[in-house]
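Contents: one structure, followed by commentary.
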Amino acid sequence: MSALAVSVSSIDTGQAQKATHLHANPSVNFADKVAETLALLHQTVTEFSLVTQASSLGAEDVVITHLINHNALNIPVFVLETGALHRETLALLERTQALSVAPVKVYRPATDKVIAFVKTHGQDAMYKSIELRKACCQVRKLEPLAAALQGQRAWVTGLRREQSTNRAEVPLIDRTDEASKGQIKLNPLANWTWGDVWHYISINQVDYNPLHDQFFPSIGCAPCTRAISLGEEFRAGRWWWEDEATKECGLHAKK
Ligand code: SF4
């Protein structure tokens, strides 16, 4: 869908460059997009009151959390700490918890279930079959997600249409999401580009995961995420051994 847009000249001598330098490139209507996003978040709070942000601490999600904090929106944040995140992500989680005005709640999988799963299928179960990979996501992500969404009327995600073919038609307001249990799912960045995301991070000096500086555009669990190369699709580094069509963990599956 969207190969990572980085010009070869911007990589020049191979020296590490900040993702903000490489990717910040606002759309001509960037200011309108920010205004539309903010309006949707305000509308969400007014209409649903019980609304929460699901944050993976990726670039899109740190933008949304910044918008929430900067505009004092009553939207608490939650993070699924799967027990398999990169140390860089865990460090960003700590910093976010320390600095965010909006509460940041962490949901973890049930320890006994993780131990039983690993004992039965091994640490590398996700590479053995799609079924086992999805079973791992079920224990480490989907069950904690269900707990995080309990009692909520809506949740906010950082999905963008540009991210993958599977996400090409992501709506701003989604009432047909499979992981939701009656909640409305809001995707306020649906029409933002990667360049918009990094322009926002750059001009607002938003803290972000340093893995983005190492060509990790999409960051999940450590065993299931790798850096991508020039020209590869945005989500090529997620579950890279699987077909494009199966590459969702169930958090964003459609009915
Ligand atoms: S992304 Fe990988 S490690 Fe994380 S829950 Fe899914 S299969 Fe398990």
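The values are calculated or read from the model by the stated rules, or taken from the named source; none is laboratory data. As the structure is a computational prediction, the values presented were derived from the model and not from experiment. Please note: Cβ atoms are built from the backbone with ideal geometry, for glycine as well, and neighbour counts cover all protein chains shown.
Rundown of residues vs (1) within 16 Å of the ligand (Cβ to nearest atom); (2) touching a helix residue (DSSP H, G or I) at 6+ places or on another chain (Cβ under 7 Å); (3) over 27 Å from ALA222 (Cβ atoms); (4) at pLDDT 95 or above, yes/no style:
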position: GLU47; (1), (2), (3), (4): no, no, yes, no
position: ILE75; (1), (2), (3), (4): no, yes, yes, yes
position: VAL79; (1), (2), (3), (4): yes, yes, no, yes
position: LEU92; (1), (2), (3), (4): no, no, no, yes
Qualifying positions in region 41-61 - in a helix (DSSP H, G or I), in contact with a Leu (Cβ under 8 Å, 6 or more places away or on another chain) and buried (at least 19 other Cβ atoms within 10 Å of the Cβ): LEU41, THR44, GLU60
Residue within region 70-79 that is among the β-branched types (Val, Ile, Thr), over 17 Å from the mean Cα position of the chain (by Cα) and closer than 25 Å to LEU211 by Cβ present: no
Neighbours by Cβ (under 9 Å, 6+ apart or cross-chain): first from region 125-148, of a type in the set (Ser, Thr, Tyr); second outside any helix (DSSP H, G or I) and more than 10 Å from the ligand (Cβ to nearest atom): TYR127/TRP241
Selected residue (criterion: farthest from the ligand (Cβ to nearest atom)) from residues of region 207-248 that are touching a strand residue (DSSP E or B) at 6+ places or on another chain (Cβ under 8 Å) and free of Cβ contacts under 8 Å to residues at least 60 places away in the same chain: PHE216
